[in-house]
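The structure appears below as C-alpha cells.
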Amino acid sequence: MIELVRLADGVHALETTLRVLPGFHLPLRSTLLSLAGGELMVISPLRMDDELAARVSALGRVTHIASPNKFHHLFVGDAAARWPNAQVHLTPGLPEKITKLGRVVPPHVVLPSDMPADVTAVVLAGMPALSETLFFHAPSRTLVVTDLVFHVLGPTEGLLTGLILRMVGAHQRLAQGLELRLLVRDREAARQSLERVMALDFTRLVMAHGVVVEVDAKERLRAALRFMLTAPPRRQLRA
C-alpha cells in the first residue's frame, strides 16, 4: 500500500515498502516538490492507480517528472503517460539503460537541464554505475537524495533486512552503504560534486530509503559521506 504524506510545507511524499529480495525489505519514498505557480515536481515516481494519481494532482499541476538515478526508473514511463505535458528528466546514462532493457524511452531532457527555478539539480560525478542526481528545493530548504545514503531506523520488515543493513554498515543510522562506496570510480570527482551540494542552504534531508532528517541535516550528511568527502588528492604528473 502506498501512502501520501506531508513532510513539510511544499514537500510531500509517496511512501511504501520495497521488497528487494525475499526477506529483504526497505522503506521506499517518492518525493513531491511544490513549485511556483501551483506546479509540482515528482521525483522517482512509483506505481499509481487513478485514485492516488488524483490525490497527487490535487497538490499541484504535475509539470516535472524526474528519474534520479539508474535504479529508480521503473515507473517514469507510466508517469509520463499519465501527465503527458510534464517535462521528463532522466539522469545521465539512464536513456541508454532503458533502451538496452527493451523499453521505450519517453521524450525527455538529461539532468541537470531545464530545472524549474525553485529546484537546483546536482549530478553526482565519479559513480557512473549509479549516476545519481541530487535535488535542492529552495523554498523548503530540503535536499532530496535517492540511494546516496540510507536511514532505516526502528523495527525492520523482513528476516534478512537487519542483517544486510549491518553488513553494509547502514543499520539503525544515517550512512552510505558499503555497496555504494564500491561503485565509486573517481573519488575526487565525487568529492567535488558533493562539495557543491554541501554549499547549498539545506536544513532537511529526504532520501528514498529511510527516515527524514530534520535536525542537523547538513552536519549529519557530511559525517555519513566522509569516505567521499575525504578523497585523496589526485597525483600530479611530473613534467
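Counting only DSSP beta bridges with both residues in the chain, the antiparallel share comes to about 65 percent.
Hull volume per residue, based on the alpha-carbon atoms of the stretch 97-239 and their convex hull, is 168 Å³. Looking at the stretch 101-165, the accessible area is 40 square angstrom per residue; that uses a 1.4 Å probe and ignores ligands, DNA and RNA. The helix-only estimate of mean residue ellipticity at 222 nm for the chain, built from DSSP H runs of length n ≥ 4 each weighted as -39500 (n - 2.57), is -6000 deg cm²/dmol after division by the residue total. Taking each residue as 0.36 nm, the span from Ala129 to Met167 lengthens on full extension beyond its C-alpha to C-alpha distance by 11.6 nm. Heavy-atom surface analysis with a 1.4 Å probe gives the stretch 61-142 a carbon and sulfur content of 58 percent of its accessible area.
Using a simple spin-label model with pseudo-atoms 7 Å out from Cα toward Cβ, Glu179 and Arg222 lie 3.0 nm apart. Semi-axis lengths, largest first, of the ellipsoid equivalent to the chain are 27, 22, 19 Å, with √(5λ) applied to each eigenvalue of the Cα gyration tensor.
Annotation: per residue accessible area for the stretch 1-82 equals 45 Å², rounded to a whole number [probe 1.4 Å, protein chains only].
Under a GNM of the chain (C-alpha, springs under 10 Å), which listed residue has the highest mean-square fluctuation: Arg187, Arg82, Arg55? Among Arg187, Arg82, Arg55, the largest GNM mean-square fluctuation belongs to Arg55.
Residues of the stretch 63-107 falling in the label zone of Ala53, defined by backbone nitrogen less than 16 Å from a point 7 Å along Cα to beta-carbon, are 63-66, 74-88, 106-107.
Computed log10 I(q)/I(0) for the stretch 170-239 at 0.13, 0.24, 0.29 Å⁻¹: -0.43, -1.21, -1.44, from the Debye equation with unit scatterers placed on every C-alpha and solvent omitted.
The values are calculated or read from the model by the stated rules, or taken from the named source; none is laboratory data. Owing to the predicted nature of the structure, the values given are computational and were not obtained by experimental measurement. Here the Cβ is made from the backbone with ideal geometry for all residues, glycine too, and neighbour counts use every protein chain on show. Side chains are part of the model used for accessible areas, which takes the heavy atoms of the whole protein and leaves out ligands, DNA and RNA. Shrake-Rupley method; radii C 1.70, N 1.55, O 1.52, S 1.80 Å.
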